[in-house]
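A.B. asks: Sending over a structure as structure tokens; questions will come in a sec.
The values are calculated or read from the model by the stated rules, or taken from the named source; none is laboratory data. Model, not experiment: these values are computed from the prediction. Note: ideal-geometry Cβ built from the backbone for every residue, glycine included; neighbour counts use all protein chains shown.
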Amino acid sequence: MAAPIIALIDDDDVFQLTSSRMLRAINPELNINQFANGAEALTFFSENINNPDLLPDIILLDINMPYVDGWMFLQDFEKMKVNLAKQPTIYMVSSSIDPTDINKAKENEQVEDYLIKPITKAKFEVLVNHQ
């Protein structure tokens, strides 16, 4: 079985770097796509809508980003996902412990879980091996 493809959608460069390093330590074969905001990610999805070899298996989606934040990404993604060649598992990631954010994410049927930053290597292992 091929290693999962992971999309990191987050404007935090430190999170991108540390997450990529931890994920590659778990599995060096992982293909990790990085996007600084939801708009970049949506463009990628629309350009690759029929290509399951490029679409991610897992999306780690930050809430607070410039241009298109996590909530706006989910709204646009919901319209697009019915046409995607592959259905990714979406995890919201945030440093926010605000119950409003947590409940909003858990109530969204597109979101598998809400992960509070920083994410541990053990948690990443569970996500990667769950695929």
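A.B. asks: Can you spot a residue in the range 71-81 that is crowded, with 17+ Cβ neighbours inside 10 Å and touching a Pro at 6+ places or on another chain (Cβ under 8 Å)?
C.D. replies: No: zero hits.
A.B. asks: Would you confirm, using the coordinates I've provided, whether Phe44 is more than 25 Å from Thr100 (Cα to Cα) and in a helix (DSSP H, G or I)?
C.D. replies: The answer is yes for Phe44.
A.B. asks: What number of residues within the range 87-131 satisfy the criterion of being small (Gly, Ala, Ser), surrounded by 17 or more Cβ atoms within 10 Å (Cβ to Cβ) and more than 29 Å from Asn50 (Cβ to Cβ)?
C.D. replies: First pass over the range 87-131, keeping only residues small (Gly, Ala, Ser): 94-96, 105, 122.
Narrowing further to those that are surrounded by 17 or more Cβ atoms within 10 Å (Cβ to Cβ): 94, 96, 105.
With the extra rule that they be more than 29 Å from Asn50 (Cβ to Cβ), the set shrinks to 94, 96.
Looking only at that region, the number is 2.
A.B. asks: Taking Leu84 and the conditions (1) surrounded by 15 or more Cβ atoms within 10 Å (Cβ to Cβ); (2) within 15 Å of the chain's Cα centre (by Cα); (3) within 20 Å of Ile5 (Cβ to Cβ); (4) not polar (S, T, N, Q), which numbered condition does it fall short on, given that it satisfies the others?
C.D. replies: Tallying (1) surrounded by 15 or more Cβ atoms within 10 Å (Cβ to Cβ); (2) within 15 Å of the chain's Cα centre (by Cα); (3) within 20 Å of Ile5 (Cβ to Cβ); (4) not polar (S, T, N, Q), Leu84 fails exactly one: (2).
A.B. asks: Give me a count of the residues in the range 59-93 that are polar (S, T, N, Q) and at pLDDT 95 or above.
C.D. replies: 2
A.B. asks: Among (1) assigned to a helix (DSSP H, G or I); (2) under 24 Å from Val126 (Cα atoms); (3) at pLDDT 95 or above, which single condition is Asp101 missing?
C.D. replies: Result: Asp101 passes all but (3).
A.B. asks: Give the residue, chosen from Leu23, Leu42, Leu54, that is buried (at least 18 other Cβ atoms within 10 Å of the Cβ), in contact (Cβ under 8 Å) with a residue 12 or more places away in the chain, aliphatic (A, V, I, L, M) and closer than 23 Å to His130 by Cα. Let's see the steps before the verdict.
C.D. replies: Numbers: Leu42 fails: closer than 23 Å to His130 by Cα; Leu54 fails: buried (at least 18 other Cβ atoms within 10 Å of the Cβ).
Of Leu23, Leu42, Leu54, the one residue that is buried (at least 18 other Cβ atoms within 10 Å of the Cβ), in contact (Cβ under 8 Å) with a residue 12 or more places away in the chain, aliphatic (A, V, I, L, M) and closer than 23 Å to His130 by Cα is Leu23.
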